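None of the figures in this text is laboratory data; all of them are computed from the coordinates on show. The model shown is predicted, which means the values in this text are computed figures rather than measured ones. Don't worry about glycine lacking a Cβ; one is built from the backbone with ideal geometry, like all the others, and counts go over all protein chains shown.
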Amino acid sequence: MLDATLDTLLAGNGDDVSIAEVARRAGVHETSIYRRWGTKANLVLDAVVSRTQEEISAPDTGSLRGDLLTLVRAFAAFERTPLGSTLLRLAPLQDPPEFATTRSSFWAERFELVGNVLDRAEARGELRQGVDRRLALEALIGPLHVRLVLTREPVDDAFHEAVVDLVLAGIAAPLSGPRS
């Protein structure tokens, strides 16, 4: 049913997702979907979250820079997929009120993902005390969205590294002792 939901989302403009269409594509009765998810918003959230969890996981490279670089590359790669492109296209549109909670839940899960990365970095002594985890993620993925949605400039590996280094300048723990 989640694949059918994503197929329906990708086939239209977001407003075209209906329980009836998902049920038809999945070969199930609508009541099966309502019984499990309750609302279209919950169904779409579950489908999008499950796919993004597959494609954007919490990296553990052993270093804050490595983790952030892996994350920014994963976000950039996802945003080039059909689902990622669709979500980017739909993001600036006014969505129905019932999707406000869905949007908040989706981003809460994404912020938790980066929070885990930053928690490990803090335990290794790589993270400055008091870093706002949510703001750190916004600073990491914001430049991607600016380029992909607004300026349409290239998003390549040099850009990924520049973004990570910029974010690190604000969140990394100060180096102690003499620099080599």
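Observations on the structure shown:
- Take every pair of alpha-carbon atoms less than 8 Å apart whose residues are at least six positions apart; their mean separation over the length of the chain yields a relative contact order of 21 percent.
- Separation of region 1-71 from region 127-157 is 23 Å, based on Cα centroids.
- Mean Kyte hydropathy of -1.0 or more with a Cα span along the axis of at least 24 Å, helices from DSSP in the chain: 98-123
- Sparse-neighbourhood loop sites, trypsin sites (Lys or Arg not before Pro) in region 100-170 - DSSP loop, at most 10 other Cβ within 10 angstrom: R152
- Between the labelled values [x] 9.4; [y] 11.8; [z] 10.7, the entry that holds mean projected area of the Cα convex hull in nm² as derived from this structure is [y].
- Paramagnetic reach from T39 (point 7 Å along Cα→Cβ, amide N under 13 Å) across region 98-131: 98-106
- Label point distance in nm, H145-R128, each placed 7 Å from Cα along Cα→Cβ: 2.2
- Taking amide H positions as modeled 1.01 Å from N, with prolines and chain starts lacking one, the residues under 5 Å from L127 and 5 or more places away or on another chain are E122, A173.
- Dipole magnitude (debye, nearest 20) for region 28-163, charges at Cβ of Lys, Arg, Asp, Glu: 220
- Each Lys or Arg adds one and each Asp or Glu takes one away; over the other residues whose Cβ falls under 14 Å from the Cβ of A158, this sums to -3.
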